[in-house]
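The values are calculated or read from the model by the stated rules, or taken from the named source; none is laboratory data. Predicted model, so just to flag it, every value in this text is computed and none were measured. Cβ atoms come from the backbone with ideal geometry, glycine included; neighbour counts cover every protein chain shown.
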Amino acid sequence: MVKKTCLVTGCAGFVGSHLTDALLRAGHNVVGVDNFFTGYEHNLAGFRNNPGFEFHKASITDKGLLEQLKGKHPDLDVIFQLAAIVSVPYSVEHPQLTMEVNYEASERMLSSAQRLGISTFVFAGSAAEYGDESRLPVLEEYADQATQLSPYGVAKFKSSALIRNSGFGCSLRFFNIFGPRQDPTSQYSGVISKFVDLGMACKKMVVYGDGKQTRDFIYVDDVVTSYLIAAGLDANGRGPLKGIFNVGTGKCTSVLELAETVADLTCAPKEIEFRPERAGDIKHSYADVSKISRSGFKAEVTFEGGLSRTLSWAAENKTWKCLCVIN
(Lines give C-alpha, C1' and ligand atoms only; values in the text may rest on other atoms or scores of the structure.)
Protein backbone atom coordinates (compact mmCIF):
# COMPACT_ATOMS: atom_id res chain seq x y z
CA MET A 1 0.00 0.00 0.00
CA VAL A 2 1.26 3.45 -0.94
CA LYS A 3 1.34 5.81 2.03
CA LYS A 4 -0.71 8.96 1.37
CA THR A 5 -0.93 12.36 3.00
CA CYS A 6 -4.60 13.10 3.61
CA LEU A 7 -6.48 16.22 4.62
CA VAL A 8 -9.41 15.61 6.98
CA THR A 9 -11.53 18.71 7.58
CA GLY A 10 -13.64 18.37 10.71
CA CYS A 11 -11.08 16.03 12.24
CA ALA A 12 -12.24 16.81 15.79
CA GLY A 13 -15.80 15.82 15.04
CA PHE A 14 -17.60 12.56 15.71
CA VAL A 15 -16.94 10.91 12.34
CA GLY A 16 -13.84 12.94 11.46
CA SER A 17 -11.94 11.74 14.53
CA HIS A 18 -12.76 8.10 13.74
CA LEU A 19 -11.61 8.55 10.14
CA THR A 20 -8.39 10.26 11.21
CA ASP A 21 -7.70 7.46 13.67
CA ALA A 22 -8.19 4.81 10.98
CA LEU A 23 -5.99 6.58 8.43
CA LEU A 24 -3.13 6.91 10.93
CA ARG A 25 -3.45 3.27 11.97
CA ALA A 26 -3.19 2.30 8.30
CA GLY A 27 0.11 4.19 8.04
CA HIS A 28 -1.06 7.32 6.23
CA ASN A 29 -0.20 10.87 7.25
CA VAL A 30 -3.08 13.15 8.20
CA VAL A 31 -3.34 16.92 8.08
CA GLY A 32 -6.28 17.75 10.34
CA VAL A 33 -8.37 20.92 10.23
CA ASP A 34 -11.05 21.97 12.70
CA ASN A 35 -12.27 25.18 14.33
CA PHE A 36 -14.11 23.38 17.19
CA PHE A 37 -17.50 24.82 16.22
CA THR A 38 -19.01 21.36 16.75
CA GLY A 39 -15.85 19.29 17.18
CA TYR A 40 -14.09 18.69 20.49
CA GLU A 41 -10.47 18.87 21.53
CA HIS A 42 -10.83 15.62 23.50
CA ASN A 43 -11.70 13.75 20.28
CA LEU A 44 -8.09 14.35 19.18
CA ALA A 45 -6.62 12.76 22.31
CA GLY A 46 -5.98 9.34 20.80
CA PHE A 47 -3.82 10.65 17.96
CA ARG A 48 -2.83 14.24 18.81
CA ASN A 49 0.78 13.17 19.46
CA ASN A 50 1.00 10.74 16.56
CA PRO A 51 4.03 11.74 14.43
CA GLY A 52 1.94 11.25 11.29
CA PHE A 53 -0.64 13.83 12.39
CA GLU A 54 -0.44 17.60 12.14
CA PHE A 55 -3.31 19.78 13.33
CA HIS A 56 -4.32 23.20 12.02
CA LYS A 57 -6.99 25.18 13.85
CA ALA A 58 -8.80 26.83 10.96
CA SER A 59 -12.17 27.15 9.27
CA ILE A 60 -12.93 25.74 5.83
CA THR A 61 -14.34 29.18 5.02
CA ASP A 62 -10.82 30.68 5.24
CA LYS A 63 -9.87 31.86 1.76
CA GLY A 64 -6.82 30.13 0.29
CA LEU A 65 -6.86 27.42 2.98
CA LEU A 66 -6.00 24.50 0.70
CA GLU A 67 -3.26 26.50 -1.04
CA GLN A 68 -1.67 27.23 2.34
CA LEU A 69 -1.91 23.61 3.47
CA LYS A 70 -0.51 22.31 0.20
CA GLY A 71 2.40 24.72 0.56
CA LYS A 72 3.18 23.31 4.01
CA HIS A 73 2.51 19.70 2.97
CA PRO A 74 3.58 19.35 -0.69
CA ASP A 75 2.69 15.63 -0.77
CA LEU A 76 -0.93 16.27 0.25
CA ASP A 77 -2.96 14.23 -2.23
CA VAL A 78 -6.28 13.12 -0.68
CA ILE A 79 -9.05 15.35 0.69
CA PHE A 80 -11.86 14.24 2.99
CA GLN A 81 -14.27 17.18 3.29
CA LEU A 82 -16.26 16.50 6.48
CA ALA A 83 -16.34 19.94 8.13
CA ALA A 84 -19.83 21.42 8.03
CA ILE A 85 -22.68 22.96 9.95
CA VAL A 86 -24.45 19.74 10.91
CA SER A 87 -27.60 20.92 12.69
CA VAL A 88 -30.77 21.18 10.60
CA PRO A 89 -32.47 23.58 13.10
CA TYR A 90 -29.35 25.76 13.20
CA SER A 91 -29.32 25.85 9.40
CA VAL A 92 -32.92 27.10 9.39
CA GLU A 93 -31.95 29.92 11.76
CA HIS A 94 -28.71 30.71 9.87
CA PRO A 95 -29.31 29.91 6.18
CA GLN A 96 -26.66 32.25 4.78
CA LEU A 97 -23.91 30.94 7.06
CA THR A 98 -24.96 27.37 6.29
CA MET A 99 -24.65 28.00 2.57
CA GLU A 100 -21.25 29.63 3.09
CA VAL A 101 -19.89 26.72 5.12
CA ASN A 102 -21.63 23.73 3.56
CA TYR A 103 -21.58 24.78 -0.08
CA GLU A 104 -19.40 27.77 -0.91
CA ALA A 105 -16.41 26.51 1.10
CA SER A 106 -16.71 23.09 -0.53
CA GLU A 107 -16.95 24.69 -3.96
CA ARG A 108 -13.68 26.54 -3.32
CA MET A 109 -12.03 23.43 -1.90
CA LEU A 110 -13.05 21.35 -4.92
CA SER A 111 -11.83 24.00 -7.37
CA SER A 112 -8.53 24.42 -5.51
CA ALA A 113 -8.02 20.65 -5.35
CA GLN A 114 -8.36 20.34 -9.11
CA ARG A 115 -6.04 23.28 -9.73
CA LEU A 116 -3.40 21.93 -7.32
CA GLY A 117 -3.42 18.45 -8.82
CA ILE A 118 -4.96 16.67 -5.81
CA SER A 119 -5.86 13.14 -6.90
CA THR A 120 -8.80 12.38 -4.61
CA PHE A 121 -11.72 14.35 -3.17
CA VAL A 122 -14.37 12.75 -0.92
CA PHE A 123 -17.29 14.83 0.36
CA ALA A 124 -19.62 14.05 3.27
CA GLY A 125 -23.10 14.20 1.78
CA SER A 126 -26.35 13.51 3.61
CA ALA A 127 -29.67 11.70 3.38
CA ALA A 128 -31.19 15.17 3.99
CA GLU A 129 -30.58 15.75 0.28
CA TYR A 130 -33.66 13.56 -0.40
CA GLY A 131 -36.16 15.64 1.58
CA ASP A 132 -39.33 13.74 2.48
CA GLU A 133 -38.87 11.00 -0.11
CA SER A 134 -41.67 8.39 -0.08
CA ARG A 135 -40.15 5.97 -2.60
CA LEU A 136 -38.21 3.29 -0.76
CA PRO A 137 -35.46 2.24 -0.75
CA VAL A 138 -34.04 5.64 -1.69
CA LEU A 139 -32.01 5.72 -4.92
CA GLU A 140 -29.31 8.31 -5.60
CA GLU A 141 -31.19 9.86 -8.53
CA TYR A 142 -34.24 10.67 -6.39
CA ALA A 143 -32.49 13.72 -4.94
CA ASP A 144 -32.61 15.43 -8.34
CA GLN A 145 -36.42 15.64 -8.11
CA ALA A 146 -36.56 16.22 -4.34
CA THR A 147 -37.44 19.34 -2.41
CA GLN A 148 -34.89 19.63 0.37
CA LEU A 149 -36.52 20.61 3.66
CA SER A 150 -33.79 22.80 5.14
CA PRO A 151 -30.84 25.02 4.15
CA TYR A 152 -28.65 22.15 5.40
CA GLY A 153 -30.21 19.76 2.88
CA VAL A 154 -30.06 22.33 0.08
CA ALA A 155 -26.37 23.09 0.66
CA LYS A 156 -25.43 19.42 0.81
CA PHE A 157 -27.37 18.69 -2.37
CA LYS A 158 -25.76 21.58 -4.24
CA SER A 159 -22.31 20.34 -3.19
CA SER A 160 -23.04 16.75 -4.23
CA ALA A 161 -24.40 17.89 -7.59
CA LEU A 162 -21.36 20.11 -8.13
CA ILE A 163 -19.01 17.19 -7.50
CA ARG A 164 -20.96 14.86 -9.78
CA ASN A 165 -21.10 17.41 -12.59
CA SER A 166 -17.40 18.21 -12.27
CA GLY A 167 -16.41 14.59 -12.87
CA PHE A 168 -13.91 14.95 -10.02
CA GLY A 169 -14.30 13.26 -6.66
CA CYS A 170 -17.34 11.75 -5.02
CA SER A 171 -20.05 12.51 -2.48
CA LEU A 172 -21.09 9.88 0.06
CA ARG A 173 -24.70 10.38 1.15
CA PHE A 174 -24.75 9.02 4.69
CA PHE A 175 -27.91 7.92 6.41
CA ASN A 176 -28.18 7.78 10.24
CA ILE A 177 -24.67 7.39 11.67
CA PHE A 178 -24.13 6.34 15.29
CA GLY A 179 -21.34 5.18 17.58
CA PRO A 180 -18.78 6.26 20.19
CA ARG A 181 -17.92 9.99 20.48
CA GLN A 182 -21.36 11.12 19.36
CA ASP A 183 -22.27 13.68 21.99
CA PRO A 184 -25.78 13.02 23.39
CA THR A 185 -25.97 16.45 25.04
CA SER A 186 -25.54 18.28 21.75
CA GLN A 187 -28.53 19.65 19.84
CA TYR A 188 -26.94 18.10 16.77
CA SER A 189 -27.07 14.52 18.06
CA GLY A 190 -29.08 11.73 16.50
CA VAL A 191 -31.75 9.70 18.21
CA ILE A 192 -29.43 6.83 19.14
CA SER A 193 -27.02 8.97 21.15
CA LYS A 194 -29.97 10.57 22.96
CA PHE A 195 -31.45 7.15 23.79
CA VAL A 196 -28.05 5.93 25.00
CA ASP A 197 -27.86 8.98 27.25
CA LEU A 198 -31.27 8.20 28.72
CA GLY A 199 -30.53 4.51 29.09
CA MET A 200 -27.23 5.02 30.86
CA ALA A 201 -28.94 7.41 33.27
CA CYS A 202 -31.69 4.82 33.96
CA LYS A 203 -34.36 7.12 32.55
CA LYS A 204 -37.37 6.33 30.37
CA MET A 205 -36.95 6.35 26.62
CA VAL A 206 -38.79 9.35 25.11
CA VAL A 207 -40.39 8.73 21.71
CA TYR A 208 -42.06 11.43 19.62
CA GLY A 209 -45.12 10.19 17.75
CA ASP A 210 -45.98 6.48 17.67
CA GLY A 211 -42.38 5.32 17.23
CA LYS A 212 -43.16 3.60 13.94
CA GLN A 213 -40.86 5.99 12.08
CA THR A 214 -38.04 4.01 10.48
CA ARG A 215 -34.42 4.91 9.80
CA ASP A 216 -31.34 3.30 8.28
CA PHE A 217 -28.86 3.26 11.19
CA ILE A 218 -25.21 2.68 10.25
CA TYR A 219 -22.33 2.24 12.70
CA VAL A 220 -19.43 4.66 12.48
CA ASP A 221 -16.81 1.96 11.74
CA ASP A 222 -18.70 1.04 8.57
CA VAL A 223 -18.85 4.73 7.64
CA VAL A 224 -15.05 4.91 7.95
CA THR A 225 -14.74 1.85 5.72
CA SER A 226 -16.85 3.58 3.07
CA TYR A 227 -14.54 6.61 3.19
CA LEU A 228 -11.47 4.41 2.67
CA ILE A 229 -13.11 2.62 -0.25
CA ALA A 230 -14.20 5.94 -1.80
CA ALA A 231 -10.62 7.22 -1.62
CA GLY A 232 -9.09 4.00 -2.92
CA LEU A 233 -7.32 3.45 0.39
CA ASP A 234 -8.98 0.17 1.37
CA ALA A 235 -7.26 -3.19 1.15
CA ASN A 236 -8.53 -3.80 -2.39
CA GLY A 237 -7.32 -0.41 -3.62
CA ARG A 238 -9.74 -0.25 -6.54
CA GLY A 239 -9.13 3.45 -7.01
CA PRO A 240 -11.03 6.60 -6.05
CA LEU A 241 -14.78 6.67 -6.71
CA LYS A 242 -16.50 9.31 -8.80
CA GLY A 243 -20.08 10.46 -8.47
CA ILE A 244 -22.68 10.14 -5.73
CA PHE A 245 -23.16 7.09 -3.52
CA ASN A 246 -25.62 6.24 -0.75
CA VAL A 247 -24.01 4.83 2.38
CA GLY A 248 -26.23 2.89 4.76
CA THR A 249 -27.13 -0.67 5.68
CA GLY A 250 -30.04 -0.95 3.26
CA LYS A 251 -32.22 -1.99 6.22
CA CYS A 252 -34.72 -0.05 8.30
CA THR A 253 -35.28 -0.06 12.04
CA SER A 254 -38.18 1.62 13.81
CA VAL A 255 -37.55 4.24 16.47
CA LEU A 256 -39.70 2.21 18.86
CA GLU A 257 -37.57 -0.92 18.27
CA LEU A 258 -34.47 1.18 18.91
CA ALA A 259 -35.88 2.53 22.18
CA GLU A 260 -36.87 -0.93 23.38
CA THR A 261 -33.45 -2.38 22.49
CA VAL A 262 -31.56 0.34 24.37
CA ALA A 263 -33.87 -0.12 27.37
CA ASP A 264 -33.20 -3.89 27.29
CA LEU A 265 -29.43 -3.32 27.19
CA THR A 266 -29.42 -0.81 30.07
CA CYS A 267 -31.16 -0.20 33.37
CA ALA A 268 -33.76 2.07 31.76
CA PRO A 269 -37.43 1.37 32.57
CA LYS A 270 -39.18 -0.77 29.97
CA GLU A 271 -42.08 1.68 29.83
CA ILE A 272 -41.74 4.15 26.93
CA GLU A 273 -42.78 7.80 27.29
CA PHE A 274 -44.62 8.96 24.19
CA ARG A 275 -44.80 12.64 23.29
CA PRO A 276 -46.56 14.45 20.42
CA GLU A 277 -45.12 13.97 16.95
CA ARG A 278 -42.69 16.71 15.95
CA ALA A 279 -43.51 18.77 12.89
CA GLY A 280 -41.30 18.05 9.90
CA ASP A 281 -40.15 14.60 11.00
CA ILE A 282 -39.69 12.25 8.04
CA LYS A 283 -41.73 9.06 8.51
CA HIS A 284 -39.60 6.47 6.74
CA SER A 285 -36.11 6.40 5.24
CA TYR A 286 -33.61 3.76 4.20
CA ALA A 287 -30.97 3.61 1.51
CA ASP A 288 -30.58 1.64 -1.66
CA VAL A 289 -26.89 0.73 -1.36
CA SER A 290 -26.50 -1.31 -4.53
CA LYS A 291 -24.33 1.34 -6.21
CA ILE A 292 -21.61 1.50 -3.53
CA SER A 293 -21.91 -2.26 -2.98
CA ARG A 294 -20.49 -2.74 -6.46
CA SER A 295 -17.32 -1.02 -5.19
CA GLY A 296 -16.93 -3.62 -2.45
CA PHE A 297 -18.74 -1.89 0.42
CA LYS A 298 -20.97 -3.76 2.83
CA ALA A 299 -22.00 -2.68 6.33
CA GLU A 300 -20.49 -5.33 8.61
CA VAL A 301 -21.52 -4.19 12.10
CA THR A 302 -25.00 -5.29 13.14
CA PHE A 303 -27.43 -2.87 14.70
CA GLU A 304 -27.30 -4.71 18.03
CA GLY A 305 -23.51 -5.01 17.88
CA GLY A 306 -23.11 -1.30 17.22
CA LEU A 307 -25.44 -0.43 20.07
CA SER A 308 -23.52 -2.69 22.45
CA ARG A 309 -20.20 -1.05 21.48
CA THR A 310 -21.69 2.42 21.86
CA LEU A 311 -23.08 1.63 25.30
CA SER A 312 -19.75 0.15 26.42
CA TRP A 313 -17.98 3.31 25.31
CA ALA A 314 -20.52 5.48 27.14
CA ALA A 315 -20.00 3.50 30.35
CA GLU A 316 -16.22 3.89 30.11
CA ASN A 317 -16.20 7.57 29.25
CA LYS A 318 -18.98 9.13 31.29
CA THR A 319 -19.90 9.43 34.97
CA TRP A 320 -23.48 8.31 35.52
CA LYS A 321 -25.74 7.79 38.48
CA CYS A 322 -26.20 4.28 37.13
CA LEU A 323 -23.66 2.42 34.99
CA CYS A 324 -25.81 -0.61 34.36
CA VAL A 325 -25.04 -2.11 30.94
CA ILE A 326 -26.57 -5.55 30.54
CA ASN A 327 -24.48 -7.99 28.53
#### Entry: Residues being assigned to a loop (DSSP other than H, G, I, E, B) and of a type in the set (Asp, Glu) - total across the range 37-67
1
### Matching entry among Ile177, Ile244 (being among the aliphatic types (A, V, I, L, M), within 14 Å of the chain's Cα centre (by Cα) and surrounded by 18 or more Cβ atoms within 10 Å (Cβ to Cβ))
Ile177
### Task
Could you tell me whether Val207 is in a helix (DSSP H, G or I), touching a strand residue (DSSP E or B) at 6+ places or on another chain (Cβ under 6 Å) and either surrounded by 20 or more Cβ atoms within 10 Å (Cβ to Cβ) or at positive phi (or both)?
no
### Residue selected from the range 258-294 under the condition among the hydrophobic types (A, V, I, L, M, F, W, C) and outside any helix (DSSP H, G or I), by the criterion nearest to Gly153 (Cα to Cα)
Ile282
#### Entry: Sole residue being of a type outside the set (Gly, Ala, Ser) and more than 14 Å from Tyr152 (Cα to Cα), chosen from Glu67, Glu129, Glu100
Glu67
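Residue-by-condition table, conditions (1) modelled with pLDDT of 95 or more; (2) assigned to a loop (DSSP other than H, G, I, E, B); (3) in contact with a Gly (Cβ under 8 Å, 6 or more places away or on another chain):
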| position | (1), (2), (3) |
| --- | --- |
| Ala161 | yes, no, no |
| Asn165 | yes, no, no |
| Phe168 | yes, yes, no |
| Ser171 | yes, no, yes |
| Arg181 | no, yes, no |
| Phe195 | no, no, no |
| Lys203 | no, yes, no |
| Pro240 | no, yes, yes |
### Task
Report yes if Lys251 is on the phi < 0 side of the Ramachandran plot, more than 22 Å from the chain's Cα centre (by Cα) and part of a loop (DSSP other than H, G, I, E, B), otherwise no.
no
### Query
What's the number of the condition Ser254 fails, among (1) at pLDDT 85 or above; (2) of a type in the set (Gly, Ala, Ser); (3) over 30 Å from Ser134 (Cβ atoms)?
(3)
### Query
Inside the range 74-122, can you point out the residues that are of a type in the set (S, T, N, Q), outside any loop (DSSP other than H, G, I, E, B) and touching a strand residue (DSSP E or B) at 6+ places or on another chain (Cβ under 7 Å)?
Gln81, Ser106, Thr120
### Message
Whether any residue in the range 227-239 is under 23 Å from Ser312 (Cβ atoms) and either in contact (Cβ under 8 Å) with a residue 40 or more places away in the chain or surrounded by fewer than 23 Cβ atoms within 10 Å (Cβ to Cβ) (or both) is what I want to check.
### Response
no
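Per-residue answers, yes or no, for (1) surrounded by 15 or more Cβ atoms within 10 Å (Cβ to Cβ); (2) within 19 Å of the chain's Cα centre (by Cα); (3) hydrophobic (A, V, I, L, M, F, W, C):
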position: Val2; (1), (2), (3): no, no, yes
position: Gly13; (1), (2), (3): yes, yes, no
position: Thr20; (1), (2), (3): yes, yes, no
position: Phe55; (1), (2), (3): yes, no, yes
